[in-house]
Amino acid sequence: MAPKNQPRPYPGGKGKAYPHVINLMPPHSTYIETHLGAGAVMRNKRPAARNIGIEIDPMVIDRWTKCEDHGFELIQGDAAEILPALDITQDTLVYCDPPYVPDTRRRARVYRHDYDAADHERLLAVLSAIPARIILSGYPSDLYDRLLEGWTVTELTVQTHVGPVKEYLWTNYKPGPVLHDYSFVGIDFREREAVRRRLRTVCTKLGRAQEVERRAAFDRLASSHPQEFLQAAERIR
Ligand SMILES: C[S@@+](CC[C@H](N)C(=O)[O-])C[C@H]1O[C@@H](n2cnc3c(N)ncnc32)[C@H](O)[C@@H]1O
């Protein structure tokens, strides 16, 4: 059950898969999540300077507006109509989790607002025309293969109540190691925990060292990895 005051989980919601989505996100100053539902990704990622959620279902928007302190801008309406009207630049990241293509879903009509093939085509045409970086979730389908030619596909296996299901994340860019949020690095829970432990050990040691030794370590890293150092510093500017 969703914690009190949080939007209820959705069938196909990203309650479990959100770390995989966050691990594909390049740095961005505006974040737009369309087809918001319970917004598992938006609630778990590091916020951008501006954060916008788009959802057609007024009941979903209503649940969000009852949680007063989320700090996101919410827009009620059709994502394909709203996106072209927003001020979108190359520094904008759009994450899109539409209802799945009808023949890829195991149960019929699970949303109050569903999508047919024409809706998917319309959405993908809009996504292909905006200058943003885009992450799009879905199941493997001929329609998406055809319309998203040239996009990068990241495959993941998600555990659901009917067993493991293969899901795709399409990106209109090649995901790399420079991320907006490093909190979930690792391909699964075990690896994420191992990464967290290693980082904690290194950071605790550095934190406890004498200042001059810590500065010496930063200085050495700045010489050996100048680009990474500058990018990390950029985030706190
Ligand atoms: C797959 S669910 C999203 C789940 C979400 N990622 C989460 O973590 O809960 C799809 C959502 O899209 C919404 N939706 C359907 N048609 C829409 C449209 N044309 N524009 C915006 N949202 C739409 C549905 O109401 C539903 O909340």
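The values are calculated or read from the model by the stated rules, or taken from the named source; none is laboratory data. The structure presented is a predicted model; accordingly, all values stated were derived computationally and were not measured. Cβ coordinates were reconstructed from backbone atoms using ideal geometry, including for glycine residues, and neighbour counts include every protein chain displayed. All accessible areas refer to the heavy atoms of the entire protein, side chains included, with ligands and DNA or RNA removed. Shrake-Rupley method; radii C 1.70, N 1.55, O 1.52, S 1.80 Å.
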For K45, enumerate residues with amide H under 5 Å from its amide H, sequence gap 5+ or separate chain, H modeled in the peptide plane.
none
Which value, in Å² and to the nearest 10, is the accessible area of T157 when all protein chains are kept and the probe is 1.4 Å?
90
Looking at this model, which pairs from K14/K174; K16/K66; K14/K66; K166/K205 are more than 31 angstrom apart at the alpha-carbon?
K166/K205
Run the accessible area of the chain with a 1.4 Å probe and give the carbon-and-sulfur part as a rounded percent.
53
In square angstrom, what is the accessible area per residue of region 18-171 with a 1.4 angstrom probe?
47
Where does the chain land at 222 nm, in deg cm²/dmol rounded to the nearest 500, when only DSSP H runs of n ≥ 4 count, each adding -39500 (n - 2.57), divided by all residues?
-10500 deg cm²/dmol
What angle do you read, to the nearest 10 degrees and between 0 and 90, between the alpha-carbon axis of helix 226-236 and the longest principal axis of the chain?
70
If you line up the long axis of helix 211-224 against the longest principal axis of the chain, both from Cα atoms, how many degrees apart are they, to the nearest 10?
60
Net charge of neighbours whose Cβ lies under 13 Å from the Cβ of R192, counting Lys and Arg as +1 and Asp and Glu as -1:
+2
Region 71-86 - phi-based ³J(HN,Hα) in whole Hz, Karplus 6.51/-1.76/1.60, Gly and Pro as x
x, 9, 7, 10, 10, 9, x, 7, 4, 5, 7, 7, 3, x, 8, 8
Neighbour net charge for Y168 - beta-carbon separation under 10 angstrom, K R +1, D E -1
-2
Which distance in nm do the two modelled labels at A209 and V185 give, with both placed 7 Å along the Cα-to-Cβ direction?
1.7
